[in-house]
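Just below is one structure, and these are the notes that go with it.
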């Protein structure tokens, strides 16, 4: 399965993007601000290719997608939330976008998660390309 995160709107507070699954638009994304140098907790992950797995998150107390081998980052997840304060360095998903925020995050996440689980059950590798 191929996930493609295209960053489209960069502001001083957040980064809005689109997420496609196998070439089809899936949802909007919200990340921290893209910066040339990492500031812990408020900087988007570097552009690049990352494998995605589903593991148990102690913080969220549930199974969540996690990106592997993100340089200078640990525990980067895809999860629900609406504002930059919710990102914690992770990628949020939503069905609608606004100024420095996304909406309908749970609906977007649930739909995406079903697809990710199905791919992993069928032993398909999930790759996320961030650009």
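The values are calculated or read from the model by the stated rules, or taken from the named source; none is laboratory data. Not measured: the values here are computed from a predicted model. A quick note on method: Cβ atoms are made from the backbone with ideal geometry, for glycine too, and the neighbour counts reach across all protein chains shown.
Brief remarks on what is shown
Each row is one residue, and each column tells you yes or no for (1) at pLDDT 95 or above; (2) within 19 Å of residue 75 (Cβ to Cβ).
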site	(1), (2)
1	yes, no
5	yes, yes
12	no, no
19	yes, no
29	yes, yes
49	yes, yes
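- Residue that is modelled with the lowest pLDDT [pool: residues in segment 57-83 that are on the phi > 0 side of the Ramachandran plot and surrounded by 12 or more Cβ atoms within 10 Å (Cβ to Cβ)]: 75
- Enumeration of residues in segment 99-131 that are without any contact (Cβ under 8 Å) to a residue 24 or more places away in the chain, part of a loop (DSSP other than H, G, I, E, B) and touching a strand residue (DSSP E or B) at 6+ places or on another chain (Cβ under 7 Å): 104
- Some residue of segment 17-24 being out of contact with any helix residue (DSSP H, G or I) (no Cβ under 8 Å at 6 or more places or on another chain) and at positive phi: yes
- Residue, nearest to residue 31 (Cα to Cα), within segment 84-98, restricted to residues that are without any contact (Cβ under 8 Å) to a residue 60 or more places away in the chain and exposed (fewer than 15 other Cβ atoms within 10 Å of the Cβ): 85
- Meets criteria (touching a helix residue (DSSP H, G or I) at 6+ places or on another chain (Cβ under 8 Å), surrounded by fewer than 20 Cβ atoms within 10 Å (Cβ to Cβ) and over 19 Å from residue 6 (Cα atoms)) for residue 54: yes
- Selection count, segment 99-112, where residues are buried (at least 18 other Cβ atoms within 10 Å of the Cβ) and under 20 Å from residue 52 (Cβ atoms): 5
- Matching residues in segment 43-58 - criterion: being closer than 20 Å to residue 100 by Cα and free of Cβ contacts under 8 Å to residues at least 12 places away in the same chain: none
- Segment 17-34: number of residues that are buried (at least 17 other Cβ atoms within 10 Å of the Cβ) and either farther than 12 Å from residue 131 by Cα or free of Cβ contacts under 8 Å to residues at least 24 places away in the same chain (or both): 10
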